[in-house]
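The values are calculated or read from the model by the stated rules, or taken from the named source; none is laboratory data. If you're wondering where the values come from, they're calculated on a predicted model, not measured in any experiment. No Cβ is skipped: glycine too gets one built from the backbone with ideal geometry, and neighbour counts run over all protein chains shown.
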Amino acid sequence: MSSLVIVGAQWGDEGKGKITDYLAEKANVVVRYQGGNNAGHTVEVDNEIYKLQLIPSGILYPDKQCIIGNGVVLDPKSFLEEVKALEERGIKTANLRVSDRAHVVFPYHKKIDELSEIRRGSSNLGTTKMGTGSCYADKTERIGIRVCDLLRKDVLAKKLKANLVSKNLYLKNTYDFEGYSYDEMLAEYLNYAEQLKPFVRDTSVLIYNAIKANKKVLFEGAQGTLLDLDFGTYPYVTSSHPTAGGVCIGAGVGPALIGKVVGVAKAYTTMLGKGPFPTELLDETGEYIRTAGKEFGTVTGRPRRCGWFDAVIVKYAVRISGMTGIAVTKLDTLSNIPSIKMCVGYKLGNNIIKNFPASLEDLGECEPIYEEFEGWGDISEIKEYNKLPINLLRYLERIEEICGTSLSIISVGPKRNQTIMIDKF
Ligand code: GDP
Ligand code: IMO
Ligand code: MG
């Protein structure tokens, strides 16, 4: 089996971009299957830093086919800007393909996302305001406009007219927002359609043919398990399925064609949005990790909430996505901390909780049960697993033991050559 899925095992920003770029060297095809430009995947190569939102993290290799699958919501303006910015830096995008079934983000999606967050006040969800959730809402309401619709002027004109009537009415009545001009938006999106056209394909055919031809296909998840619409900390989640099951629907691939699933987990835990976070550190250690790990949102610049590694969460992620291995990133960020804690279970009242709870009220009352580990010092130049300090090996072995899976990759810095490969791809 030659396909591999990369899934975030926590609340997103685990380093999926770095791991995807690293593994992409041996892949033929790299596919994004959900999310939109709410994602921010950072790839560092030599002294260059690339921040990708919609485009798969395989794009830095000129010979890889990169695919934006049907499960992604595509903001064409953002997509075309990303393409242009890459081309200006000498990165070729000729091998990039976009699904004709992907749903399209319109300005009213972004506006509704923004205004509904303001209206919720202190009960807001903390979204990235990219219109991702509103676009998925239209998809399930069956009024969405897809990439294939954009390419047919008559279809776009008809669907956009119907949508704008109801969206403008809703925006006026609910938020006293004047709304959008149909003629201007139609002209703007017809212009995007022209520029998008060369990228558009039935991408599920491309992926199927690649798998059948024994080519290596990498599926790059955005967000993370605890942001999954079903399995995350609902309602503080995104509106798609970042878990491995999302690949089948978001790329049009049957489950029997999926080989390995690698979860990416940071050596500690971060969260960008709202909701209970059992191991959160609201003290100077949390502040230290945020500074040392540069924990600020790639898309919004917001400071990420930081806490100790939570093995209850990663064990849950391993189960939900059937992870065959995990990649642990940012171990170097903890290098200078003398004593490191890992949460190995929760106490809820008089009970020990081993499985991640559904109720946010329960989660909010969970007290982490910690084990302590001695620090491991500088590891950023180490290239082999066996050369890692014994204290770090103890930490990693405990992660494997509790989470019930083996280590596939260790990351000791943001660059490609700061990666230790344990498993084969
Ligand atoms: P993603 O959304 O999962 O792709 O993660 P982000 O790119 O949002 O955030 C991860 C950040 O950590 C990026 O700035 C990466 O360059 C960086 N990073 C990834 N792996 C490592 C690592 O092992 N060590 C350090 N210090 N930084 C890393
Ligand atoms: P990557 O792929 C971290 C969070 C937002 C918010 C919630 C809902 O870089 O890991 P949305 O805009 O999706 O409706 O926001 O999800 N969120 C992320 N957090 N990393 C991401 O992506 C995220 N994408 C969305 O902060 O809490
Ligand atoms: Mg990110």
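Residues that are in contact with a Gly (Cβ under 7 Å, 6 or more places away or on another chain) and either of a type in the set (F, W, Y) or without any contact (Cβ under 8 Å) to a residue 12 or more places away in the chain (or both): does segment 31-42 have at least one?
yes
So, in segment 386-395, how many residues would count as being in a helix (DSSP H, G or I) and either on the phi > 0 side of the Ramachandran plot or surrounded by fewer than 19 Cβ atoms within 10 Å (Cβ to Cβ) (or both)? Break it down into steps so the answer makes sense when it comes.
Residues of segment 386-395 that are in a helix (DSSP H, G or I), as a first pass: 386-387, 390-395.
If we keep only those that are either on the phi > 0 side of the Ramachandran plot or surrounded by fewer than 19 Cβ atoms within 10 Å (Cβ to Cβ) (or both) as well, we get 386-387, 390-391, 393-394.
So the answer is 6.
Starting from segment 189-204, take each residue that is β-branched (V, I, T) and list its partners that are assigned to a helix (DSSP H, G or I), counting only C-beta distances under 7 angstrom and pairs at least six apart or across chains.
Hits for this filter: V200/V147.
Output the residues belonging to segment 260-294 that are within 11 Å of ligand 1 (Cβ to nearest atom) and surrounded by fewer than 22 Cβ atoms within 10 Å (Cβ to Cβ).
Of everything in segment 260-294, those that are within 11 Å of ligand 1 (Cβ to nearest atom) and surrounded by fewer than 22 Cβ atoms within 10 Å (Cβ to Cβ) turn out to be A292, G293, K294.
Report, by residue number, each residue of segment 94-121 that is β-branched (V, I, T) and either free of Cβ contacts under 8 Å to residues at least 12 places away in the same chain or part of a helix (DSSP H, G or I) (or both).
I112, I118 - these are the residues of segment 94-121 that are β-branched (V, I, T) and either free of Cβ contacts under 8 Å to residues at least 12 places away in the same chain or part of a helix (DSSP H, G or I) (or both).
Being surrounded by 16 or more Cβ atoms within 10 Å (Cβ to Cβ), assigned by TED's automatic domain parsing to the domain that holds K274 and touching an Asp or Glu at 6+ places or on another chain (Cβ under 7 Å) narrows it down to one residue among I402, I410, I379; which is it?
Going through I402, I410, I379 in turn, the sole match is I379.
Condition first: without any contact (Cβ under 8 Å) to a residue 24 or more places away in the chain, surrounded by fewer than 21 Cβ atoms within 10 Å (Cβ to Cβ) and more than 18 Å from D21 (Cβ to Cβ). Can you find one or more residues in segment 217-233 that meet it?
Yes: one or more hits.
Test G8 against the criterion of being out of contact with any Pro (no Cβ under 7 Å at 6 or more places or on another chain) and surrounded by 24 or more Cβ atoms within 10 Å (Cβ to Cβ), and give yes or no.
Answer is no for this residue.
So in segment 12-27, with the set limited to residues that are within 12 Å of S411 (Cβ to Cβ) and in a loop (DSSP other than H, G, I, E, B), which one is farthest from ligand 2 (Cβ to nearest atom)?
Result: G15.
Do the conditions hold for Y61, that is, is it surrounded by fewer than 24 Cβ atoms within 10 Å (Cβ to Cβ), under 24 Å from N214 (Cα atoms), hydroxyl-bearing (S, T, Y) and over 14 Å from the mean Cα position of the chain (by Cα)?
Judged against the criteria, Y61 is a match.
When segment 326-358 is examined, which residues are found to be farther than 30 Å from I379 by Cβ, polar (S, T, N, Q) and in contact with a helix residue (DSSP H, G or I) (Cβ under 9 Å, 6 or more places away or on another chain)? First the steps, then the outcome.
Here is the first cut: in segment 326-358, the ones farther than 30 Å from I379 by Cβ are 347-355, 357-358.
Pick out the ones that are also polar (S, T, N, Q) and you get 350-351, 355.
N355 - this is the single residue of segment 326-358 that is farther than 30 Å from I379 by Cβ, polar (S, T, N, Q) and in contact with a helix residue (DSSP H, G or I) (Cβ under 9 Å, 6 or more places away or on another chain).
Can you name every residue in segment 393-418 that is farther than 30 Å from I353 by Cα and more than 20 Å from the chain's Cα centre (by Cα)?
Those that are farther than 30 Å from I353 by Cα and more than 20 Å from the chain's Cα centre (by Cα): V412, N417, Q418.
Would you check which residues across segment 32-56 are more than 8 Å from ligand 1 (Cβ to nearest atom), of a type in the set (S, T, N, Q) and over 15 Å from A251 (Cβ atoms) and list them?
N37, N38, N47, Q53
Looking at L80, is it hydrophobic (A, V, I, L, M, F, W, C), more than 13 Å from ligand 1 (Cβ to nearest atom) and surrounded by fewer than 18 Cβ atoms within 10 Å (Cβ to Cβ)?
When the stated conditions are applied, L80 passes them.
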